[in-house]
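Visitor: Have a look at the structure that comes next, please.
The values are calculated or read from the model by the stated rules, or taken from the named source; none is laboratory data. Keep in mind that this is a model prediction, so the values were computed, not measured. Cβ sites come from the backbone with ideal geometry, for glycine too, and all protein chains shown count toward neighbours. Heavy atoms of the whole protein, side chains included, go into the accessibility calculation; ligands, DNA and RNA do not. Shrake-Rupley method; radii C 1.70, N 1.55, O 1.52, S 1.80 Å.
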Amino acid sequence: MEEATVERGIRCTALTKTFNKGATTAIEDISFTVEPGELFGLIGPDGAGKTTLIRVLTTLYVPDIGQAVVDGLDIATEVKALRNRVGYMPGKFSLYQDLTVAENLEFFATLFNTTVQANMDLIHDIYVQIAPFRDRRAGQLSGGMKQKLALCCALIHKPTVLFLDEPTTGVDVVSRKEFWQMLAKLKKQGITILVSTPYMDEATLCDRIALIQEGRIMKIDTPQGILDAFPIRLFALKAKATYSLLCDAQAFDGTQSCFAFGEYLHLTFLDQEESTIRRFKDYLKDKKHQEVVFMEVKPSIEDCFMYLMKSEKQLKTAS
Amino acid sequence: MKTILFLLEKEFKQIFRNKALLPMLFGMPLIQLIVLPLAADYEIKNINIAVVDHDRSAFSSRLTHKIDATGYFRLTGFMDSYREGDRMIALDEADLVLEIPAKFENTLQREGVERLFLAVNAINGTKANVGASYLSRIIGDFSEELNQEKRNKGASAPSSQIIVTSSNWFNPHMNYKFFMVPGILAFLVTMIGGYMSALNIVKEKEIGTIEQINVSPIRKHHFIIGKLVPFWVIGMVVFSIGQLVVSRYIYHIIPVGSLLLLYAYLALYLVAILGFGLLVSTYTDTQQQAMSVAFFFVMIFLLMSGLFTSIDSMPEWAKVIAYLNPVTYFIEVMRGVVLKGSNWVDLQNHFLIMALFAVFFNSWALFNYRKSS
C-alpha cells in the first residue's frame with residue numbers, strides 16, 4: 001500500500017482467515033507473490049485452505065489479518081476497482097442452469113458492463129468449442145462443456161488476473177489436458193493466473209507452485225526446484241502381495257515413510273546408508289515376499305509433498 | 001438502469017422456465033382462494049343433539065320439535081336415561097345432551113319455573129359454544145311462548161318486555177365470505193411476497209451463482225431491485241386475478257370503496273413484505289432454512305392478523321403482536337375498502353404504518369446483505 005510503484009500480479013502478506021469466531025483456522029499467515037503473467041499453482045489436498053485463500057483474494061472473504069494487493073489494487077480498500085479486473089471461476093459449477101449458454105455469457109458480460117462481441121478475441125478459441133450448443137440450457141451440458149462455459153464467463157470482461165478454483169476436479173483426463181492447454185494460451189496473452197488443484201501431476205504444468213497443507217504454505221518454488229530439493233533417496237518397491245508388503249515395509253525399523261504410489265510403494269529410510277538398504281533387502285527375503293522389484297527412483301511432486309508434510313508434523317510434535 | 005432491466009429480463013426468463021414455480025405462483029393462490037373460504041365457515045350447522053326425555057309430555061315433545069325445526073341441530077338420539085346420553089358424547093355421536101326432567105310440564109304449569117340440564121362436548125370448542133348459545137336462545141323463546149299462552153288464557157294485561165333486534169352493518173346478511181375472501185386474498189399475496197422472494201435469493205446462494213455476482217462490480221441495490229421487482233409484479237397480477245376475477249365472479253364481492261386506493265395500498269404493502277423476504281434470505285444459506293424461517297413467521301402473521309379471530313378479543317400481549325404484524329393492517333385495509341368503502345382519510349394511518357414497515361424491513365435487509373464476509 002505504502003509503495004508508490006504500481007505492482008501488478010498478486011502479492012499477499014500474512015493473510016489469516018478464521019471461521020466460527022476464531023474456532024476454525026482456514027488459512028494462517030499466508031504470504032507469497034505471483035509475478036505478472038505467471039501461471040501459479042496452489043497444490044494441496046481437500047481442506048488445505050485453497051478455496052478460502054482464493055475467496056479472500058477475489059474479495060469474497062475479508063481476511064482477519066494481513067494484506068493483499070491484486071493487480072496493483074488493495075483487496076480491502078479498492079474492492080470496486082478490483083472487481084472489474086478479476087476473473088473468478090468457482091470450484092462448483094455455478095452458472096444459471098436454466099439459462100442457455102448464450103444467455104449465461106450475455107448475462108455475465110452485462111454484469112461487467114460489456115458485451116460478448118467486444119471480448120470475442122479473448123474467448124474465441126474456447127467459445128468455438130461450445131458454440132454448437134449455444135441454445136442449450138447450461139444444466140444440460142456435459143461436465144467438460146460446463147467447465148469451458150464457466151471459463152468463458154470468467155473471461156468475458158478481459159480480467160487481468162484470473163482465479164481458478166479446482167477447475168479440473170471431476171473432469172475427464174482428455175478435458176483436463178485441453179483445459180491446461182487453454183490456460184497456457186491465456187498466459188501468453190499476459191493474464192496472471194492463480195489456479196488451485198488437488199492433482200499433484202498438474203503441478204508440473206505451472207510456472208511456480210505453492211504446496212499448501214492445513215492452511216499453511218509449506219514451500220513455494222518452481223516444480224523443478226521442489227523436485228531438486230528433495231533431500232533423501234527414494235525407492236520404489238513392488239511384490240506379489242502388495243498389502244502385506246506395505247505392512248512389512250512400514251514395520252521395518254529403518255523405514256522413514258512408505259506409502260502406495262500407483263502400482264509401486266514409495267519408500268524412504270531414516271538414514272541414507274548402503275548398510276540399511278542391504279538390511280532391508282534381507283528383511284524382505286526373511287518375510288518370504290515373491291517377485292520383489294526394488295529400485296531407486298526420482299521423486300515426483302507428490303513424494304515431495306508427502307515428505308514435507310511428514311517433516312512438518314515431526315517439527316510440530318517435537319516443539 | 002440498463003443493468004436493472006437486464007437483471008429483470010433474466011429473472012423473468014428463469015421464472016417462466018421453471019415448470020414447478022409457475023403453477024405455484026399463479027395456480028395455487030387461486031385454488032386456495034376458491035377452496036379456503038368454503039372451509040373457513042363460521043356458520044355452525046349439523047350440531048348433533050341427544051335429548052334425554054324423562055317427562056314424555058306434550059311440552060317436552062314441543063320443545064324437542066322446536067329444536068329440530070331450526071335446522072341447526074340434528075337429533076341423533078332420543079332416550080330415557082342420562083347414562084345413554086353420556087355414552088353418546090363419549091362416542092362423539094352427540095355434541096350436546098339436553099336432559100328434560102320428569103314432571104317437566106307439571107312443574108312448569110304449577111310453579112312457572114323448571115330447570116333443564118345441558119351437557120356440552122367441548123372438544124370442538126367453537127361448535128360447543130355456538131351450539132349451547134343457539135340452544136339457550138331456543139329454550140328462551142320456548143319459555144316466552146309459554147308465558148304468552150298463559151297470559152292469553154288468563155287475559156290479563158300484557159307485561160312490558162324488551163326485545164333486542166340487531167342489524168349487521170356493511171354486511172347485512174352476515175355473509176362470512178364477504179369478510180373471509182378479502183382476508184384470504186391478503187394472506188395469499190403475503191405468501192407470494194414473503195416466501196417466493198426469500199427462496200429465490202437463497203437459491204442463488206445455494207447453487208453458488210451469488211459468488212459470481214458478488215465478484216462482479218454490480219452494486220448490491222441493483223441486484224436486490226432486480227430480485228424484488230419481479231415478485232412485486234407477480235404479487236400485483238395475482239392480486240388482480242383474485243380481486244377482479246375470483247372475488248367478483250365467484251363470490252360476487254364488488255368493493256364499495258376505491259379500487260385505486262386498494263391498489264395503492266397493495267403496492268406499498270408488497271414493498272414491505274418483499275423486504276421481509278429479503279431479510280430472511282440474508283440470514284439463511286439454503287432454501288430449506290429460508291423455507292423454515294419464513295414459514296415460522298408467516299404462520300404467526302397469519303394466526304395473529306385478525307383473519308380468523310377478532311383482534312379485540314385477544315389478550316393484551318397478543319394484541320401487541322397483532323399490531324406489530326404488517327398483515328393485520330393489510331387485512332384491515334382490504335376489509336375496510338371492500339366492505340365499508342373506507343377512503344384515504346380513514347386509512348392515512350394505515351399508509352403511514354405500512355411505509356414504516358417497508359422502510360424498516362428493507363433497510364435492515366440492505367444493512368445485513370453483504371457481498372463479502
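Visitor: Per residue of chain B, what 222 nm ellipticity follows from adding -39500 (n - 2.57) for every DSSP H run with n ≥ 4, rounded to the nearest 500?
Guide: Numbers: 15 runs with 233 residues, N = 373.
Helix contribution divided over all residues of chain B: -20500 deg cm²/dmol.
Visitor: Here's something else I'd like to know. I'd like the interface area for chains B and A: accessible area of each alone minus the complex, both sides summed, 1.4 Å probe, protein heavy atoms only. What is it in Å² to the nearest 100?
Guide: The B and A chains share an interface burying roughly 2700 Å².
Visitor: What distance in nm lies between label points placed 7 Å from Cα along the C-beta direction at B:PHE308 and A:ARG136?
Guide: 5.0 nm
Visitor: Oh, and also: Under a point-charge model restricted to the Cβ atoms of Lys and Arg (+1) and Asp and Glu (-1), what is the dipole moment magnitude of region A:10-227 relative to its Cα centre, in debye to the nearest 20?
Guide: Working: 23 positive and 24 negative charges, 51 e Å.
Its charge dipole is roughly 240 debye.
Visitor: Keeping every protein chain in place, order B:LEU96, B:LEU36, B:LEU260, B:LEU146 by accessible area at 1.4 Å, biggest value first, i.e. largest first.
Guide: Heavy-atom accessible area, descending, gives B:LEU260, B:LEU36, B:LEU146, B:LEU96.
Visitor: In whole angstrom, how far apart do the alpha carbon centroids of region B:121-142 and region B:1-76 sit?
Guide: Each part reduced to its Cα centre gives a spacing of 22 Å.
Visitor: Find the all-direction average of the projected area of the Cα convex hull for the protein assembly as shown, expressing the result in square nanometres with one decimal place. Write out the running numbers ahead of the final one.
Guide: Details: hull surface 197.9 nm².
Spelled out: convex hull of the Cα atoms, projected over all directions, averaged, 49.5 nm².
Visitor: What residues does region B:1-30 have that are buried by at least 10 Å² of accessible area in the full protein assembly compared to the chain on its own, 1.4 angstrom probe?
Guide: When all protein chains are present, B:LYS2, B:THR3, B:PHE6, B:LEU7, B:LYS10, B:LYS13, B:GLN14, B:ARG17 each give up 10 Å² or more of accessible surface.
Visitor: Could you state how much accessible area B:THR126 has, in square angstrom rounded to the nearest 10, with a 1.4 Å probe and all protein chains kept in place?
Guide: 80 Å²
Visitor: Let me ask something additional. Looking at this model, which pairs from A:LYS21/A:LYS158; A:LYS177/B:LYS203; A:LYS50/A:LYS313 are more than 29 angstrom apart at the alpha-carbon? Present the calculation step by step, with values, prior to reporting the outcome.
Guide: Details: A:LYS21/A:LYS158 37 Å; A:LYS177/B:LYS203 33 Å; A:LYS50/A:LYS313 20 Å.
The answer is A:LYS21/A:LYS158; A:LYS177/B:LYS203.
Visitor: Which lysines have a Cα less than 16 Å from the Cα of B:LYS205, not counting those fewer than 8 places away in the same chain?
Guide: Straight-distance partners of B:LYS205: A:LYS92, B:LYS220, B:LYS227, B:LYS371.
Visitor: Student exercise: in region A:231-298, how many lysine pairs 8 or more apart or on different chains have Cα atoms under 15 Å apart? Before the final figure, lay out each step's value.
Guide: Values: A:LYS238/A:LYS281; A:LYS238/A:LYS285; A:LYS238/A:LYS287; A:LYS238/A:LYS288; A:LYS240/A:LYS285; A:LYS240/A:LYS287; A:LYS240/A:LYS288.
Pairs that pass both the separation and distance tests number 7.
Visitor: Here is a further query. At a 1.4 Å probe radius, carbon and sulfur cover how many percent of the accessible area of region A:231-298? Mind dumping the intermediate values first?
Guide: Numbers: 2080 of 4090 Å².
Within region A:231-298, the accessible surface is 51 percent carbon and sulfur.
Visitor: Got the relative contact order for chain B handy, in percent, Cα pairs under 8 Å and 6 or more residues apart?
Guide: Details: 439 pairs, mean separation 69.0, N = 373.
Relative contact order for chain B comes out at 18 percent.
Visitor: Which residue, chosen from B:ILE31, B:THR284, B:PHE297, occupies the Cα position most advanced towards the positive end of the dipole of chain B, where the dipole is computed from +1 (Lys, Arg) and -1 (Asp, Glu) charges on Cβ about the Cα centre?
Guide: Farthest towards the positive end: B:THR284.
Visitor: Now a separate question. How many Å² of accessible area per residue for chain A, probe 1.4 Å?
Guide: Per-residue value: 47 Å².
Visitor: Can you give the accessible area of B:ILE218 in Å² (nearest 10), computed on protein heavy atoms with a 1.4 Å probe?
Guide: Here the accessible area works out near 10 Å².
Visitor: Please list, or write none, the lysines whose alpha carbon is within less than 22 Å of the alpha carbon of B:LYS340, excluding same-chain residues fewer than 8 places away.
Guide: Counting by Cα, and skipping residues close in sequence, B:LYS340 has these lysines nearby: B:LYS177.
Visitor: Hey, what did chain A get for relative contact order, percent, Cα under 8 Å, at least 6 apart?
Guide: Numbers: 555 pairs, mean separation 60.8, N = 319.
Taking the mean separation of contacting Cα pairs over the length of chain A, I get 19 percent.
Visitor: Using only Cα atoms, locate the centre of region B:218-245 and the centre of region B:175-195, then give the distance between them in Å, rounded to an integer.
Guide: For region B:218-245 versus region B:175-195, the Cα centre distance is 17 Å.
Visitor: Moving on to the next point. Within chain B, what whole-number % of the accessible surface is contributed by carbon and sulfur, with the 1.4 Å probe and all protein chains included in the calculation?
Guide: Values: 12020 of 19000 Å².
Summing carbon and sulfur atoms, their accessible area is 63 percent of the total for chain B.
Visitor: Per residue, how many Å² of accessible area does region B:32-144 show with a 1.4 Å probe?
Guide: Details: 6260 Å² over 113 residues.
That works out to 55 Å² for each residue.
Visitor: Now a separate question. May I ask for the distance between the Cα centers of region A:235-270 and region A:15-91, given as a whole number of Å?
Guide: 38 Å
Visitor: Please list B:LEU108, A:LEU111 in order of solvent-accessible area, largest first, computed with a 1.4 Å probe with all protein chains present. Each step should come with its number before you reach the end.
Guide: On the way: B:LEU108 30, A:LEU111 10 Å².
Final ranking, largest accessible area leading: B:LEU108, A:LEU111.
Visitor: Using a Förster radius of 51 Å, what is the FRET efficiency between B:LYS45 and B:HIS221 based on their Cβ-Cβ separation? Nearest 0.05, please.
Guide: Rounded to the nearest 0.05, the efficiency is 0.40.
Visitor: So which residues in region B:355-373 end up with at least 20 square angstrom less accessible surface once the other protein chains are there, compared with the chain by itself, probe 1.4 angstrom?
Guide: The answer is B:LYS371, B:SER372, B:SER373 - residues whose exposure falls by at least 20 Å² when every protein chain is included.
Visitor: Whole-Å semi-axes of chain A's equivalent ellipsoid, largest first, each the root of 5 times a Cα gyration tensor eigenvalue?
Guide: Over the Cα atoms of chain A, the semi-axes work out to 42, 24, 16 Å.
Visitor: What dipole magnitude, in Debye to the nearest 20, does region A:231-298 give about its Cα centre under +1 on Lys/Arg Cβ and -1 on Asp/Glu Cβ?
Guide: 180 debye
Visitor: Still on this model: How large is ³J(HN,Hα), in whole Hz, for each residue of region B:272-278 in order, when computed from phi with the Karplus curve 6.51 cos²θ - 1.76 cosθ + 1.60 and θ = phi - 60°, using x for Gly and Pro?
Guide: 5, 6, 5, x, 4, x, 4
Visitor: Can you send over the solvent-accessible area of B:THR107, 1.4 Å probe, protein chains only, in Å² to the nearest 10?
Guide: Ignoring ligands and nucleic acids, B:THR107 comes out at about 20 Å².
Visitor: Give the calculated FRET efficiency between B:ILE4 and A:LYS281 to the nearest 0.05, with a Förster radius of 60 Å applied to their Cβ-Cβ distance.
Guide: Details: r = 75 Å, r/R0 = 1.25.
For B:ILE4 and A:LYS281, the calculated efficiency is 0.20.
Visitor: In debye to the nearest 20, how big a dipole does the protein assembly as shown give about its Cα centre with +1 on each Lys and Arg Cβ and -1 on each Asp and Glu Cβ? Present the calculation step by step, with values, prior to reporting the outcome.
Guide: Numbers: 69 positive and 70 negative charges, 223 e Å.
Approximately 1080 debye in magnitude.
Visitor: Sum -39500 (n - 2.57) across every DSSP H segment of at least 4 residues in chain A, then divide by the residue count to get the 222 nm mean residue ellipticity, nearest 500. If you can, show how the numbers build up before the last one.
Guide: On the way: 10 runs with 113 residues, N = 319.
The helix contribution divided over chain A gives -11000 deg cm²/dmol.
Visitor: Would you pull out the residues with amide H under 5 Å of B:ILE218's amide H, same chain only if 5 or more places away, H placed 1.01 Å from N?
Guide: none
Visitor: Just reorder B:LYS319, A:LYS240 by solvent-accessible area, largest first, 1.4 Å probe, all chains present.
Guide: On the way: B:LYS319 50, A:LYS240 135 Å².
So, going from the largest accessible area down, we get A:LYS240, B:LYS319.
Visitor: Can you compute 3J(HN,Hα) from phi for each residue in region A:267-281, using the Karplus curve 6.51 cos²θ - 1.76 cosθ + 1.60 with θ = phi - 60°, rounded to whole Hz and x for Gly and Pro?
Guide: 9, 10, 10, 5, 10, 9, 6, 4, 4, 4, 5, 4, 4, 5, 4
Visitor: OK, next. Work out the mean other chain Cβ neighbour count within 10 Å for the residues of B:216-223 and drop it here as an integer.
Guide: Across B:216-223, the average partner-chain Cβ count within 10 Å equals 4.
Visitor: Measure off, as a whole percent, the carbon and sulfur share of the 1.4 Å-probe accessible area of region A:10-227, all protein chains present. Mind dumping the intermediate values first?
Guide: Working: 4250 of 8450 Å².
Carbon and sulfur: 50 percent of the exposed surface of region A:10-227.
Visitor: Averaging sequence separations of C-alpha pairs under 8 Å and six or more residues apart, then dividing by the length of region B:47-154, give the relative contact order as a whole percent. Mind dumping the intermediate values first?
Guide: Working: 146 pairs, mean separation 32.0, N = 108.
Here the relative contact order equals 30 percent.
Visitor: While we're on this one: Against the globular-protein guess of 2.2 N^0.38 Å, express the Cα radius of gyration of chain B as a ratio, rounded to two decimals.
Guide: Details: Rg = 28.4 Å, N = 373, 2.2 N^0.38 = 20.9 Å.
In units of the globular-protein estimate, chain B measures up at 1.36.
Visitor: Taking the C-alpha atoms of region B:47-154, how large are the radius of gyration and the largest Cα-Cα span, Dmax, in Å?
Guide: Answer for region B:47-154, Rg first and Dmax second: 13.9, 47 Å.
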